[in-house]
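Since the structure comes first, as structure tokens, the remarks are kept for the end.
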Amino acid sequence: MKRLQFIKKALRNRSSPSSSLPLSKKQQQAFTNIIQSYGKIKCNNYAVHKLTMPSLSPTMNEGEIVNWLKKEGDSIQAGDPICEIRTDKSVLEFEATDEGILGKIILGNGSKGVKIGSLIAYLVDKKEEINQIPTTTSATEEQQQQEPKVTTTTQSQPSTSTSGTTTTSTSGHHQIPSHSAPFSPAVLHILNENTWIDPNKVKATGRGGRITKTDLVEYMEKNSATSTSQQQTTATTTSTTQQQQPVVEAVKQQQQTIPKQEVKTTATTPIASTTSIFTDIETTQIRKIIASRLKESKQTIPHSYYSMDVRIDKLLNIKNKLQEQRGVKVSVNDIIIYCSAKALERVPECNVIFNNNGDSQQMSNIDISVAVATPTGLITPIVKNTNTKSIEQISQEVKELGKKAKENKLKPEEFQGGTFCISNLGMFGIGQFSAVVNPPHGIILAIGTSEKRPVLPTIENIDDLEITSDKVEDNVEFGTFMSVTASCDARAIDGQLAGKFMKALREELEFSWV
């Protein structure tokens, strides 16, 4: 590495190696030849370096450039943040791995869907070398190089003359317009239903010269009158080319017998479009990852579910006392996280992950992931070493992580990993639900809402139950109950082990020792 730095520095200064270089005589002679030949190159582009979209997380396929922190012409040192990039789960800073000068920015702020490895900027060693940066490269051309080329072939049908007009059918396919941008599924759906539309006449407003669904809808509204006659002509032509010549002659005779006034009336009467109006909702990268992981989980993990109702009156009393006596405002979810960590301490066999090798690993640290909803999707920041923290500490950390998650400022180590997961929908009034296991976790806990219920005396043996009256007493005791459902990876946690954990969790949530 040290030799490489010396060589790189010499290349930048266009100098020969000095005696201080840690090279042998043979290596110094070879290096001298490199320097001499380097100076003879006419197109000296060795000083111009491409800066490409990096991979900042294991699940990242593309990113968005949120903000450039450096301007063109600024000097950059190794480790300096160059720009902010939105990955599939958060916004991270892209740090320089080498020194230089930011010569030219190719993709500016707000550039979305940038594939990993795509060119985003150029670095140079000296400001005098900025004029050596290629001037023909643009963001559009760079993205087109990353996208697969789509070729659409058209099968032309024999042309048929109708009322002095020649029309050619293309079997419902459309030629790619001059900008050569591929069609999206929504655009293809509209074009196939409205074959009279010529894509070359549609004004494209999409990125990279793409035709969007909105472009087609506006074009159809402006040309609704002419679309009717063209649709009728195309339909008649297509049907005649598929039949034999006698049938074609019969169609001609029928068309000649139609009164001109009737034809004019029919042509000026617009037909309602069969295409439904809809709005495209862009899928964020984090939602794509969520969909991929949920699909993987449901297809590859055998789920088993275990539900119970827990009385949380003591839990609510502790919550209120913390606020009244210590001035600490905590949530029910904070206390659930605390109790879950204590239950995992009592049943460490459930603090497991199932790895890609098909083996379960019992983890020494109890790191609980908490599902947090953000505008871009769901993310699970981690409260690390949860069992070593108090309820107040857990509450403070959850608030900080939740704030960073909603601002897309979580670091990878703050949301990647964990050994246990909790998802709480009780605040939305959801009585009970079953969550999908978040691989590689062995358990995910689903928390439902709480409700008041009458409390009946516990009966160990149902045979001892005696019903003396059906009258309801006036002093019936009521309690607050909450539903808890554990979704387990059956490969790592069987029914007996899950039952043992749920029993310990009930005792912790009910604070049975208090």
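The values are calculated or read from the model by the stated rules, or taken from the named source; none is laboratory data. Predicted model, so just to flag it, every value in this text is computed and none were measured. In this analysis, Cβ positions are derived from the backbone assuming ideal geometry, glycine residues included, and neighbour counts consider all displayed protein chains. Each accessible area value is taken on the protein alone, full model and side chains, heavy atoms only, with ligands, DNA and RNA left out. Shrake-Rupley method; radii C 1.70, N 1.55, O 1.52, S 1.80 Å.
Here are the numbers for this structure:
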| quantity | calculated |
| --- | --- |
| Candidates GLU296, GLU324, filtered to the one that is part of a helix (DSSP H, G or I) and either free of Cβ contacts under 8 Å to residues at least 24 places away in the same chain or closer than 30 Å to THR480 by Cα (or both) | GLU324 |
| Count of residues meeting criterion [at pLDDT 85 or above, open to solvent by less than 50 Å² (accessible area, probe 1.4 Å) and acidic (Asp, Glu)] in region 78-94 | 1 |
| Selection within region 49-100 - among the β-branched types (Val, Ile, Thr) and under 16 Å from SER111 (Cα atoms) | THR52, ILE65, VAL66, ILE82, ILE85, THR87, VAL91 |
| Residues that are open to solvent by 90 Å² or more (accessible area, probe 1.4 Å), among the hydroxyl-bearing types (Ser, Thr, Tyr) and modelled with pLDDT under 90, drawn from region 269-321 | THR274, THR279 |
| Filter result for ASN385 (surrounded by fewer than 17 Cβ atoms within 10 Å (Cβ to Cβ) and at positive phi) | yes |
| Residues of region 205-221 satisfying the condition of being buried (at least 17 other Cβ atoms within 10 Å of the Cβ) and under 30 Å from the mean Cα position of the chain (by Cα) | ILE211, THR212, LYS213, ASP215, LEU216 |
| Residue tally, condition under 20 Å from GLU345 (Cβ atoms) and open to solvent by 40 Å² or more (accessible area, probe 1.4 Å), over region 410-447 | 1 |
| Inter-residue pairs, beta-carbon under 7 Å, first within 10 Å of ASP125 (Cα to Cα) and acidic (Asp, Glu) and in region 84-103, second surrounded by 18 or more Cβ atoms within 10 Å (Cβ to Cβ) and modelled with pLDDT of 80 or more, 6+ apart | GLU99/ILE76 |
| Filter result for VAL352 (in contact with a His (Cβ under 9 Å, 6 or more places away or on another chain) and either exposed (fewer than 15 other Cβ atoms within 10 Å of the Cβ) or not small (Gly, Ala, Ser) (or both)) | yes |
| Region 28-55, subset aliphatic (A, V, I, L, M), outside any helix (DSSP H, G or I) and open to solvent by less than 40 Å² (accessible area, probe 1.4 Å), residue modelled with the lowest pLDDT | ALA47 |
| Residue that is touching a Cys at 6+ places or on another chain (Cβ under 8 Å) and modelled with pLDDT under 95, where the choices are THR380, THR376 | THR380 |
| Region 355-382, subset within 25 Å of THR300 (Cα to Cα), among the hydroxyl-bearing types (Ser, Thr, Tyr) and part of a strand (DSSP E or B), residue least open to solvent (accessible area, probe 1.4 Å) | SER369 |
| Test result for ALA405, surrounded by 21 or more Cβ atoms within 10 Å (Cβ to Cβ), touching a strand residue (DSSP E or B) at 6+ places or on another chain (Cβ under 7 Å) and part of a helix (DSSP H, G or I) | yes |
| Set SER184, SER227, SER178: member being open to solvent by 40 Å² or more (accessible area, probe 1.4 Å) and modelled with pLDDT under 75 | SER178 |
| Those residues of region 95-120 which are closer than 25 Å to GLU407 by Cβ and touching a Leu at 6+ places or on another chain (Cβ under 7 Å), in sequence order | VAL114, ILE120 |
